[in-house]
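Accompanying notes for the structure given below.
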Amino acid sequence: MKKKVYQDIKFHIDELTRNNSQSSLKYLVKTSHLLAITHLNCIRSRNSFLISNLGISLNDLAWDCIAEIFLRDSLDRFTVIENYFNNEIFLDSSSDMDFFIALRKLVFIHVNKNLFKIYHQIDPSLSKIIRNIKYHVNNSTSLTLFDCFNEKYIGMIINRDSNKFTVWETENFRLDFQLSRNGEVSLKEYIILLEKLLRNSELDNPRCSLIGFGMMYKEFMFSDIKEIAPSKRIEDDVIIDSSNLSGYAKNKIHKLIEKVYINKRKIGNEDADFIKKTTLAIIENYLSGIDNTQFTFFELAQKFDPDISYDKYNTKFKTKIEYLVRIMKTDIKKIYYE
């Protein structure tokens, strides 16, 4: 049965790219839709939060995700499929199974890319994670970013001049990352582990999807919260779960500033607002996996007062902001890991 499916996929890809066959188009659209639903179901089974808040059925989401694969140009050619399968790794000698695996990867690429766009609209924190991954990769001596199939991939610098590569799906190394989690693991440590896995892989020049890696890291963040502390009462009537950590941080910072500084007349309302915005920005970066090697506290403070001098920040605000950040990080670690 599987052998027949693999043969059919290879046949219809060839028919569509060479002869623009409409029957092959229908077959590949249907097959790609099924693959997209399978991938989305896997994501939902691991973490329902990532899918449940999208406001669209899995069936419709799958159609949206694969639509770009079958776009035509002015000459009525399916350029995405042609460019993908005309890559030199897909030769006439490639096996039927190679074409099935390639189609599955193409579908997964577009599912991940479309989910990223949707997440960016409803939760900008994933974009922050992606930016921070880029920062660490660009500063790495062994990793670099590649543009493949209109998406960015992480690979080894040593292989950057090679035209042949293997798309390494995150599913293939998810277990290694799960086993590596022992308490709090930073994004930088995950990237170091990714470098080791890429280096030791038996695959030919493996490359990992940047978006796929970012989504996996975000998924681990949510699963840590849901599995360890899905609902925890911290103080008063505030309930913490994976969907309102940022809101909790904002309320907690506001209460701390009022209690420690405003009520004791140590600062005015204008300074309190500046401290609150800066502290919240630091904590939101922390929640998004962004460590403090990328932005200093002072650089983040400048976003809310571009004219502030370092001397003024150091003498008037530094101690207060660092104190609030320590309290918030301690609270968040309790929510994640206790």
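No lab work stands behind these numbers, since they all come straight from the coordinates. Note that the coordinates shown come from a computational prediction; the quantities given were computed from them, not determined experimentally. Here the Cβ is made from the backbone with ideal geometry for all residues, glycine too, and neighbour counts use every protein chain on show.
Things worth noting here:
- Neighbours of GLU284, meaning other residues whose beta-carbon lies under 11 angstrom from its beta-carbon, give a summed charge of +3 when Lys and Arg score +1 and Asp and Glu score -1.
- Here the simple spin-label model places points 7 Å from the Cα toward Cβ, and for ARG18 and THR315 these points are separated by 8.0 nm.
- Segments 264-273, 29-38 sorted - mean Cβ within 10 Å per residue, highest first: 29-38, 264-273
- Cβ-based exposure ranking for VAL107, VAL325, in which fewest neighbours within 10 Å come first: VAL325, VAL107
- The simple Förster model, with R0 at 30 Å and r as the Cβ-Cβ distance, assigns GLU189 and THR166 a FRET efficiency of 0.75.
- A simple spin-label model places pseudo-atoms 7 Å from Cα toward Cβ; at ASN269 and ASN200 they are separated by 5.9 nm.
- VAL29 paired with HIS254, simple spin-label distance in nm, labels 7 Å along Cα-to-beta-carbon: 5.0 nm
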